[in-house]
Structures are given as structure tokens and as C-alpha cells.
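Input: a single structure, listed below in C-alpha cells.
Every number in this text was worked out from the coordinates using simple rules, so none of it is lab data. In this text the structure is predicted, and so the values were computed from the model without any measurement. Glycine gets a Cβ as well: all are built from the backbone with ideal geometry, and neighbour counts include every protein chain shown.
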Amino acid sequence: MKYPENELAQTVIASCVANHINEVVLSPGSRNAPLTIGFTQVSSIHTFSIVDERCAAFVALGMAQQKQKATALVCTSGSALLNYYPAVTEAFYSNIPLVVISADRPLESIDIGDGQTIRQQGVYKNHILFEANLTAIENEVDRAYNKQLIYQALQKANSLKGPVHINVPFDEPLYNLVDEMISFSEEISAEAQVLVEKPLELKELVPFALEWNKAEKKVVLIGVHQPDELLQTQINHLVKDPSVLVLTETISNIDEEHTINSIDQFLAGFSEEDKVFFQPDILLSIGGLVVSKRIKQYLRSFQPKQHWTVHPTVGNDTYFCLNHHFKISATLFFSQFFWLTKQVDSDFQSKGLAVKESRKKRHQKFVSQAPYSDFKVFDLVNKMLPKNSVLQLANSATIRYSQLFDIDPSISVFCNRGTSGIDGSTSTAIGYAMQTEKQVTLITGDLSFLYDSNALWNKYIPANFRIVIVNNNGGGIFKILPGPKQTAALNYFETPHGHTAEHLAKMYGFEYQVATDIESTEKVLQTFFKESNQPKIVEVFTPSDSNDQVLKTYFESFKA
């Protein structure tokens, strides 16, 4: 085997090996040649070549999302690493470990007029956990300094769950080879990559438990969360308390019949009396960010007397009334807190579940009569999703529609809600699919799909990957939102385009199918999820002029 002669490149690669980096996504370039040469020769590292850096970064994000451990990205100097930035911010706000390794020119080459040179140091400073600006190795001090910086970066990425940046300056020659590669002994044990949590002090928990045991109206709101059997068990126990009403989102991956699993549906028909009654004494928020705009507006207007949030690193004051942040995982928090709590006699949960039951009946009635539309398509697709599979959701209208339907509890659900952008949804789903044997289905809108169409420029897409494109010709969310329709510039918000995915599917080797009404959608979906020799796309065309009215009528049906 041949390895890069450059000692700095060898140091980076050896450090990654010693610190259990097993997946590296490479984007072609010249300045990063020493890294590309080295990483591709290491047997313990799986390398992937993805040309478009923006797509490459989201693919790595999806891989890390599935593995729950850091994936590394390697790019050349200049504008290449700027294309990583959307995925870096998503990783930052979604607590996903991502290691960006950017090749750079030597410091003396910056700002002298050479091509592909930008000021790379500090480029991600607002959205990373750690930055390691390495230096050329001239002596043992330089060698130890670089090794320590890399160690700190990798340790923070995995333990604190977020993106880090390692900037590596290379001078020419870039392609010289040697037969030997340096190696480092194991730096971070595999177990130590997970943040070792310390239980909370009893004296910190007791005052909150006393408040909890007095409150007759408690809401537990669960945002984005990885599937977690222990947390599911704890929520099953929590709902035995009649004073606790648990609200879950689709991407919380929590399923329990005694929870409110469609928040927007639950809130849709609230009277003023309901708003007052369901104002909680205590709001306990766990998990990541929350999709539902309705619950945010409600809790900002009808604020709880106490808001506590549980998260190892982030304590968002989403409802402008945060009292305390427990810096710990939800599972460890509940394992301690339950010993101090008792059930409180209350009709809070029972009334909430009665509202849920009423909403579900009206939902089913509306669905049975709903005309062909975006709404109806989501119902049809949801019924056909394979059990024990993975569902990836694009942003904008897609995630919001999905929140209105019950999804089989055996299905794990994900969405890029860190920054909630449409960029990278397809790439993330593909990255996830590359790391699992399960079938992965992406539901996306036409704009999200077209925006990230380079995601299909990827030779690693498994045959069991599926994409459902709900094509309403231009981003129907802007017809749903009240503001854009009132302007004379709706076409600049909605951006109708008239394009389809047909030729992209053919170019990238996807089986392509079309549906245009209820009957054709049902027919296509009957075979769409079956095993095949190539990935599949179904493009479902919906009536852009009526989708928004159907959804509006849906929510109005709860007020009758």
C-alpha cells in the first residue's frame, strides 16, 4: 500500500483511526489529496466519494444520524468548505456529531491572489463546538500540538454531539507517497465517546419534585428525539399519573395511546375555555426542537407557571418563561425523578384524552370524504409504509402534513429540524439509508427534491431506498401561509416550475412511476415498497389550486 508522505496528513488520519472514526465522506480536490490518498488506504475506514460538497455534508449528517457517532468530511481548500455550512448548522442545532476536515493553503499563501484561497480559519465559528487550526510539522512540539488539537475536536464531536472543524494547511508537493504510515494507540475508548453523565444532586431535584407533586395540571412536551426504548418505557409509566398530559411530535419517536400525538389537531378546535383549562401549572419539555407552530403560539400566550427543560446541553427558552434547565438526558432525569414523585388526583389527562378522541373521530370522517389533494396523498402513503422501516421527512409542508396522521410505532421517523431548511433533505435520507439494512422512505415536496437533486449523484444509494415526491408545482406552503397570498408576488414565493423528476430518475438509475389521482396513487403504492433491484421514485401530482383550501377546511372541521 502507498500512503501520503505528508506528515501532517498522516497525523490527521492516524488520529481519526485511533479515535474510532469509521466513515469518511470525501469530495474530490487537489489540496486535500494527501488526506484522500491516506483515508482510502486504511482498512478500518469506509470511504465514500461524493462530488457536490453540500450534498456530501448532508450525506455525512444522515450517516451520523443513523450511527449516532461522528462521521468525517474531507474537502479541498477554498469555496468547497463553504458548501458544507448548511449541514454544519443543521448538525449544530440537531446535536449530530460531524467532523469537517478541510484542506487549506499555508497561512502565508492567504490573501496573495492565489486561486482557491479564502480565510478558512474561523469560517464556522458561530456554529461549531470546537475548531482545530493545525500547523505544519517541523518538530516534536508541532507534532504533539496538532495531535492534541485533533483529539480535542474528535472528543467534543462525539461526547457533546455536534460539529467540529479541523483545518489542515498543506504545502506542495501533495502527491508524494511512502510505504509506511504512522499509527497512534487508541486515544478515546469506544465507550468514552459517549458522554458519561453524572446523576443530578438530590438537593437539586427535591424542590422541583415538591412542586411537581402539588401541581394538578402538568404537560410534558417531547420534541425531536432518537428512538429510545428506555424513554418509551418511562413515558408509559409517566402517563399513569392522571395529572400529566404528554404531547408528542411525530419525530419524537414516542408512541403511547394515552398521549396527544397530533398537537395541531388537538389545538385546532380550542375554545377560549379550553385554552384556559389546558394552561399547565408545569411544562416539562424534553428532546430537541418542536415543529408545531400552534403549540408555540399557545404556550407563549398561555404560559405555564413553571417551565423546566431537560437536555444534556441545550436549554431553549422557547416559550419565554423558562425557569430551569436540567443538563442531563431525559432517561437519566426520569430514572432519578420518578423516585421523588407521586401521582396527583386530577381530571387533566382524562379531559385531554377526551378531546383527542373527539378530534380523531372528526379526522377519520374528514379523511374518508377528502378530495384528492396533498392531504389525501399523505393519508394514502402513510397507510402503505412498511412496518419496521425508516421514514425521512423533508421540511416545509411535508413535516407538517405528516404530523396530522398516526404513524405505525415500528417506524422510526426523522427530519432535519435543526434549521428546518429544505436544503439537504434527500442527501440526509440517502446518508441514513447507506448505513442501515432497513428500507428508508423519503417523503418530500417538489421544491425540496429539485433543490437537492444532486443528492442522486451518488453511487452508494441502496436498492431499497424510496422517494415519494408530492408535486404541487411550486411549494404549496406559501398558499397555506396567510401572508404571501395577500401580496402581488405569490409566484416569487411559490415558484411554480413545471418540472418533473422523470429525467433525473432515468439519469441516476431510479425506477420512476407517476400518480395523478386517488386510484393511481393507491395502485402504485401497492407495489412501490416491494423489494427491487434499483431504488424507486413515485411522483404524485396534486392540484396546487385546491390543496390549501382542503387543509383549511380540515382544521375548520374541528370547530364545528
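Rg to Rh for the range 212-353: what is it, with Cα atoms only and Rh by Kirkwood?
Working: Rg = 13.7 Å, Rh = 15.0 Å.
Rg/Rh: 0.92.
Remark: spin-label model distance residue 357-residue 320 equals 3.7 nm, labels positioned 7 Å along the Cα→Cβ axis. Let me know the whole percent of all Cα-Cα pairs from the chain that are separated by more than 30 Å. Distances greater than 30 Å cover 55 percent of the Cα pairs. Modelled spin-label separation between residue 387 and residue 406, with each label point placed 7 Å from Cα along the Cα-to-Cβ direction: 1.4 nm. Computed packing ranks the peptides 39-50, 15-26 as 15-26, 39-50, most packed first, by mean other Cβ atoms within 10 Å.
Classification of the range 67-182 by its C-alpha gyration tensor yields an oblate form. The axis ratio a/c (a ≥ b ≥ c) is 1.5 or more, and b/c is at least a/b.
The length gained by stretching the chain between residue 557 and residue 202 to full extension, at 0.36 nm per residue less their Cα-Cα distance, is 123.0 nm.
Relative contact order of the range 47-113: what whole-number percent is it, with Cα pairs under 8 angstrom and at least 6 residues apart? Provide the component values of the computation, followed by the final result.
On the way: 75 pairs, mean separation 25.0, N = 67.
Rounded, it is 37 percent for the range 47-113.
For the chain, the longest principal axis of the Cα atoms and the long axis of helix 140-160 meet at an angle of about 10 degrees.
Once both labels are positioned 7 Å from their Cα atoms along Cα-to-Cβ, the gap between residue 107 and residue 497 label points is 4.4 nm.
Residues within the reach of a label modelled at residue 305 (point 7 angstrom out along Cα to beta-carbon, backbone nitrogen below 14 Å), restricted to the range 203-239, are 208-219. Cross-link pairs exceeding 29 Å between alpha carbons, from the set 2/459; 67/296; 125/506; 217/383; 438/506; 293/351: 67/296; 125/506; 217/383.
Run the numbers on the chain and let me know its relative contact order in percent, using alpha-carbon pairs under 8 Å that are six or more apart. Could the numbers behind the result be given before it?
On the way: 1135 pairs, mean separation 73.6, N = 560.
Computed value for the chain: 13 percent relative contact order.
Which angle from 0 to 90°, rounded to the nearest 10, does the C-alpha axis of helix 518-528 make with the longest principal axis of the chain? Tilt relative to the chain: about 40 degrees.
Could you work out how far helix 229-238 tilts from the main Cα principal axis of the chain, as a 0 to 90 degree angle to the nearest 10? Roughly 30 degrees, rounded to the nearest 10. Couplings for the range 415-424, taken from phi via the Karplus curve 6.51 cos²θ - 1.76 cosθ + 1.60 with θ = phi - 60°, read 7, 6, 9, x, 10, 6, x, 7, 6, x Hz in order; Gly and Pro are left as x. For the residue pairs 356/536; 161/218; 69/198, alpha carbon separations beyond 26 Å are given by 356/536; 161/218. Calculated FRET efficiency, residue 139 to residue 459, Cβ-Cβ distance, R0 = 51 Å: about 0.75 to the nearest 0.05.
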